[in-house]
Amino acid sequence: MSTAAASTMARRGRLYWAWRKWRALVGMFVQDGLAYKANLVIWIMTDVVTAVTMPLIWLASYNGRAQIHGFAPSQMVTYYLVMLSLTGLIESHIMWDMAADVKSGKFNIYLIRPLSYLMYMYASNLGWRIMRTLLAVPIFALVLLAFGRPRALGVVRHHLCLWAARPVAV
């Protein structure tokens, strides 16, 4: 066997074991998310209340006007709901977990584990996001349908660049 073939096999072996570690770690945090159902429900209800009240506030701010700065009410509601869902997927509060680990003395436990502390925190956040997304997507769809604007999703595709640049410009 040549050195290149042996090197390729060794690399595949390392990737396989890394994949198995990640899969086990993320699976553990998904199960952790299922174990604490009350916490998960509270966070999702917080998102639902925000997803219902803020579009109502935006719709009330139109006060019969057809547009505000070129945005129709349906576009504003769709923009807000899409940004709320993207924020829910992207936003992370790892600093709170890190602070709690340092204060409680659990930080040094992670130093002897096979993955780095940041990788462990990333897997924790990823597991939480998977659970939150699986439960929030049906609720998000119901809220979107409750406002009766499923056709407004086509607007997102055409004006996403404009909408993303709008908060920066204002």
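The values are calculated or read from the model by the stated rules, or taken from the named source; none is laboratory data. These numbers were taken from a predicted model, which means no experiment stands behind them. No Cβ is skipped: glycine too gets one built from the backbone with ideal geometry, and neighbour counts run over all protein chains shown. Accessible surface is based on the protein model in full, side chains and every heavy atom, while ligands, DNA and RNA are left aside. Shrake-Rupley method; radii C 1.70, N 1.55, O 1.52, S 1.80 Å.
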**Request:** Count, please, the residues in the stretch 102-129 that happen to be closer than 13 Å to SER92 by Cα and open to solvent by less than 80 Å² (accessible area, probe 1.4 Å).
**Result:** 8
**Single condition PRO114 does not satisfy, out of (1) assigned to a loop (DSSP other than H, G, I, E, B); (2) modelled with pLDDT of 80 or more** = (2)
**Message:** For the stretch 71-88, give me the residue count where each residue is more than 15 Å from VAL137 (Cβ to Cβ), hydrophobic (A, V, I, L, M, F, W, C) and over 13 Å from the mean Cα position of the chain (by Cα).
**Reply:** 4
**Message:** I'd like to verify a number: residues in the stretch 65-101 that are assigned to a loop (DSSP other than H, G, I, E, B) and surrounded by 16 or more Cβ atoms within 10 Å (Cβ to Cβ), how many?
**Reply:** 1
**Asked** What are the residue pairs meeting all of these: first residue in the stretch 92-106, first residue among the polar types (S, T, N, Q), second residue part of a helix (DSSP H, G or I) and open to solvent by 100 Å² or more (accessible area, probe 1.4 Å), Cβ atoms under 9 Å, and 6 or more apart or on different chains?
**Response** SER92/TYR122
